[in-house]
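K.L.:
Sending over a structure as structure tokens; questions will come in a sec.
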Amino acid sequence: MSTIDTGLDPHPTGAAAAFAAAHSASHPLKLYGSWFCPFVQRAWIVLAEKKIPHQYIEINPYKKEAGFMALNPRGLVPTLKKKTKALYESTVVCEYLDERYVGGDEGRLMPEEDVYERARCRLWSNHIVTRIVPGFYRLLQHTEDKGYPIEEARAELLKGLREFAGEMVDQSPDPEGPWFLGSKFSLVDAMLAPWAKRLFLIDHYKPGGVGIPKKGKRGDDEAVWERWYRWFDAVVERESVKATWSDEEMYIKAYKRYAEDKTQSEVGQATRKGRGLP
Ligand SMILES: N[C@@H](CCC(=O)N[C@@H](CS)C(=O)NCC(=O)O)C(=O)O
């Protein structure tokens, strides 16, 4: 059997190693995760934002060990376990953690009073899940032998990012930001942060990189891309995002299998086959 995915480095490094170590003692609330996984980082960010006591358990989800499959028949991380109950799917896990635990400086990460604003947050989380994240993998996994040019994959990702930034310009209660909801960090920010942090991998591995147009060369989109960078600069500096991040070179190593399109991960296979992500 190929070890391309199962042979990944087994532990977080850098700040994420310290965060994992600080949450290694046994606790009834357990997060099963993998240091390299952006879906896990979503849940990790919410745990950090809300200062939720928990136990972090690092696993390799590609090994499909029986004990893990019994918790999550999909065999994916993040998987959350609370006493005898389990939950999975990062968006579901994050909403659960936000609703169940009140703590942290920010309080709830979804708007509480305004039902429309809450629905709008779900709409743009859906945009991240169905547009930006698939676009990220399609560009990162692009190779010369694909039946479409890299420009097509790049345009798809840029469109998703531009629409997200455009929404912040047009609709945010405070268009200055920096967050999706203006001055308040929300679940929408946590949903996208892990891929924002990983955009550098596309610049590292793919000719032309992400390709966000340079200042002064953005035509009608100048304000939109300015807003994108205001959000991006804030998100990569957010304490919860930095605390759940390993050493940069470890991601470069771990994502080589995506860049060469050799991963057997479910995300990688779905991207290759043009199917929806797991
Ligand atoms: N839709 C899932 C996706 C989770 C996911 O794909 N996690 C990856 C790691 S980044 C995984 O567990 N992969 C195992 C596999 O592909 O076999 C979520 O949002 O939680």
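K.L.:
How many residues does the stretch 6-38 contain that are among the charged types (D, E, K, R) and either in a helix (DSSP H, G or I) or at pLDDT 95 or above (or both)?
P.N.:
Going through the stretch 6-38, the residues among the charged types (D, E, K, R) turn out to be 9, 30.
Pick out the ones that are also either in a helix (DSSP H, G or I) or at pLDDT 95 or above (or both) and you get 30.
Selection size over the stretch 6-38: 1.
K.L.:
Looking only at the stretch 198-208, decide whether some residue is assigned to a loop (DSSP other than H, G, I, E, B), under 25 Å from Met110 (Cα atoms) and in contact with a Pro (Cβ under 8 Å, 6 or more places away or on another chain).
P.N.:
In the first step, residues of the stretch 198-208 are kept if they are assigned to a loop (DSSP other than H, G, I, E, B); the result is 206-208.
Now restrict to residues that are under 25 Å from Met110 (Cα atoms): none.
So far as the stretch 198-208 goes, no, none of its residues is assigned to a loop (DSSP other than H, G, I, E, B), under 25 Å from Met110 (Cα atoms) and in contact with a Pro (Cβ under 8 Å, 6 or more places away or on another chain).
K.L.:
Only one residue in Pro53, Pro78 is over 15 Å from Cys37 (Cα atoms) and either in contact with a His (Cβ under 8 Å, 6 or more places away or on another chain) or within 13 Å of the ligand (Cβ to nearest atom) (or both), so which one is that?
P.N.:
Values: Pro78 fails: over 15 Å from Cys37 (Cα atoms).
Residue meeting the stated conditions: Pro53.
K.L.:
Now, a different point. Residues in the stretch 155-178: is at least one part of a loop (DSSP other than H, G, I, E, B), open to solvent by 30 Å² or more (accessible area, probe 1.4 Å) and modelled with pLDDT of 95 or more? First the steps, then the outcome.
P.N.:
Here is the first cut: in the stretch 155-178, the residues part of a loop (DSSP other than H, G, I, E, B) are 172-178.
Filter once more, keeping what is open to solvent by 30 Å² or more (accessible area, probe 1.4 Å): 173-176, 178.
With modelled with pLDDT of 95 or more added as a condition, the list becomes 178.
For the stretch 155-178, residues part of a loop (DSSP other than H, G, I, E, B), open to solvent by 30 Å² or more (accessible area, probe 1.4 Å) and modelled with pLDDT of 95 or more: present.
K.L.:
May I pose another question? Within the stretch 81-113, count every residue that is of a type outside the set (Gly, Ala, Ser) and within 12 Å of the ligand (Cβ to nearest atom). Steps first, answer last, please.
P.N.:
As a first pass, look at the stretch 81-113 and keep what is of a type outside the set (Gly, Ala, Ser): 81-85, 87-89, 91-102, 105-106, 108-113.
Filter again for within 12 Å of the ligand (Cβ to nearest atom), leaving 87-89, 91-95.
Qualifying residue count for the region: 8.
K.L.:
Please identify the pairs in which a residue from the stretch 147-158 that is at negative phi has its Cβ atom under 7 Å from the Cβ atom of a residue that is in a helix (DSSP H, G or I) and surrounded by fewer than 17 Cβ atoms within 10 Å (Cβ to Cβ), counting only partners at least 6 apart or on another chain.
P.N.:
From the stretch 147-158, no pairs qualify.
K.L.:
Cβ-Cβ below 8 Å, separation at least six or inter-chain, first residue in the stretch 219-232 and within 13 Å of Asp189 (Cβ to Cβ) and assigned to a helix (DSSP H, G or I), second modelled with pLDDT under 95 and open to solvent by 40 Å² or more (accessible area, probe 1.4 Å): which pairs?
P.N.:
So the pair list comes out as Arg230/Glu176.
K.L.:
Enumerate the pairs (first residue in the stretch 65-90 and within 18 Å of Val40 (Cα to Cα); second residue anywhere and among the aliphatic types (A, V, I, L, M) and part of a loop (DSSP other than H, G, I, E, B)) with beta-carbon separation below 7 Å, excluding pairs fewer than 6 apart on the same chain, so at least 6 apart or on different chains.
P.N.:
Phe68/Ile59; Val77/Ile59; Tyr88/Leu76
K.L.:
Please find, within the stretch 64-84, the residue that is most open to solvent (accessible area, probe 1.4 Å) out of those that are modelled with pLDDT of 95 or more and of a type in the set (Lys, Arg).
P.N.:
Per the criteria, the residue is Arg74.
K.L.:
Same structure again: Which numbered condition in (1) among the polar types (S, T, N, Q); (2) within 13 Å of the ligand (Cβ to nearest atom); (3) outside the structural domain of Arg198 (by TED's automatic domain parsing); (4) open to solvent by 30 Å² or more (accessible area, probe 1.4 Å) is the only one that Asn126 fails?
P.N.:
(3)
K.L.:
Contact list please: Cβ distance under 6 Å, first residue in the stretch 17-46 and more than 19 Å from Glu89 (Cα to Cα), second residue open to solvent by 10 Å² or more (accessible area, probe 1.4 Å) and hydrophobic (A, V, I, L, M, F, W, C), pairs at least six apart or on different chains.
P.N.:
Going by the 6 Å Cβ cut-off, the qualifying pairs are Phe19/Ala243.
K.L.:
Given (1) under 17 Å from the mean Cα position of the chain (by Cα); (2) open to solvent by 10 Å² or more (accessible area, probe 1.4 Å); (3) over 20 Å from Asp9 (Cβ atoms); (4) of a type in the set (Val, Ile, Thr), where does Ile45 come up short, assuming only one miss?
P.N.:
All conditions pass for Ile45, except number (2).
K.L.:
Against the definition (among the polar types (S, T, N, Q) and part of a helix (DSSP H, G or I)), how does Thr130 come out, yes or no?
P.N.:
Details: among the polar types (S, T, N, Q): yes; part of a helix (DSSP H, G or I): yes.
Yes, satisfied.
K.L.:
What number goes with the only condition from (1) touching a residue at least 24 places away in the same chain (Cβ under 8 Å); (2) not in a helix (DSSP H, G or I) that Gly107 does not pass?
P.N.:
For Gly107, the exception is condition (1).
K.L.:
Right, next: Hey, among the residues in the stretch 262-278 that are in a loop (DSSP other than H, G, I, E, B) and surrounded by 13 or more Cβ atoms within 10 Å (Cβ to Cβ), which one's nearest to the ligand (Cβ to nearest atom)?
P.N.:
Within the stretch 262-278, the subset in a loop (DSSP other than H, G, I, E, B) is 262-265, 274-278.
Checking the rest, the ones that are also surrounded by 13 or more Cβ atoms within 10 Å (Cβ to Cβ) come to 262-265, 277-278.
Working: Lys262: 13, Thr263: 8, Gln264: 8, Ser265: 4, Leu277: 6, Pro278: 5 Å.
Looking at residues that are in a loop (DSSP other than H, G, I, E, B) and surrounded by 13 or more Cβ atoms within 10 Å (Cβ to Cβ), I get Ser265.
K.L.:
Given the criterion in contact with a Leu (Cβ under 9 Å, 6 or more places away or on another chain) and surrounded by 20 or more Cβ atoms within 10 Å (Cβ to Cβ), identify the matching residue among Tyr137, Tyr205.
P.N.:
Numbers: Tyr205 fails: surrounded by 20 or more Cβ atoms within 10 Å (Cβ to Cβ).
The match here is Tyr137.
The values are calculated or read from the model by the stated rules, or taken from the named source; none is laboratory data. Please read these numbers as outputs of a predicted model, since none were measured by experiment. Virtual Cβ from ideal backbone geometry, glycine too; neighbours counted across all protein chains shown. To get the accessible areas, we keep the full protein, side chains included, count just its heavy atoms, and leave off ligands, DNA and RNA. Shrake-Rupley method; radii C 1.70, N 1.55, O 1.52, S 1.80 Å.
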